[in-house]
1. Please work out which residue is surrounded by the most Cβ atoms within 10 Å (Cβ to Cβ), limiting yourself to segment 13-35 and to residues that are part of a loop (DSSP other than H, G, I, E, B) and under 12 Å from the mean Cα position of the chain (by Cα).
2. Limited to segment 41-65, what total is found for residues that are over 10 Å from the mean Cα position of the chain (by Cα), assigned to a loop (DSSP other than H, G, I, E, B) and either without any contact (Cβ under 8 Å) to a residue 40 or more places away in the chain or surrounded by 15 or more Cβ atoms within 10 Å (Cβ to Cβ) (or both)?
3. So residue 38 ticks every box in (1) at pLDDT below 65; (2) surrounded by 13 or more Cβ atoms within 10 Å (Cβ to Cβ); (3) outside any helix (DSSP H, G or I) but one. Which box is left unticked?
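The values are calculated or read from the model by the stated rules, or taken from the named source; none is laboratory data. The model shown is predicted, which means the values in this text are computed figures rather than measured ones. Here the Cβ positions follow ideal geometry from the backbone for every residue, glycine too, while neighbour counts run over all protein chains shown.
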C-alpha cells in the first residue's frame, strides 16, 4: 500500500496558508521507519489520510538522517526509498 501526501485547506485564508494536521503516533512510526532505512512502500496507512501525510513526512526526515549516517551512494538510497 502506498501513501500519498495531501494538504487540507478551508476558507479564504487557506489559499495562502494551507492547514496541515499531524498524527503524532503515525509521525513517530514514519520517522523510525526512515531511520531504519525502510522503503516508503512500508507505510501502513491509506493514501489521503492524516496518518499517511504524517507518516510520509516523518519518513522523509528519518530517511535523510539515515542517509547522512551511512556511506551508501545517494542514487542507490533513493531507489531504495521507493
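1. Restricting attention to segment 13-35, the residues satisfying the condition of being part of a loop (DSSP other than H, G, I, E, B) are 16-18, 20-23.
Adding the requirement that they be under 12 Å from the mean Cα position of the chain (by Cα) leaves 22-23.
Numbers: 22: 12, 23: 18.
Only one residue fits best here, namely 23.
2. Narrowing segment 41-65 to residues over 10 Å from the mean Cα position of the chain (by Cα): 41-42, 44-50, 64-65.
If we keep only those that are assigned to a loop (DSSP other than H, G, I, E, B) as well, we get 44-49.
Those still in the list that are either without any contact (Cβ under 8 Å) to a residue 40 or more places away in the chain or surrounded by 15 or more Cβ atoms within 10 Å (Cβ to Cβ) (or both) too: 45, 49.
Total meeting the criteria: 2.
3. Checking residue 38 against (1) at pLDDT below 65; (2) surrounded by 13 or more Cβ atoms within 10 Å (Cβ to Cβ); (3) outside any helix (DSSP H, G or I), the one that fails is (1).
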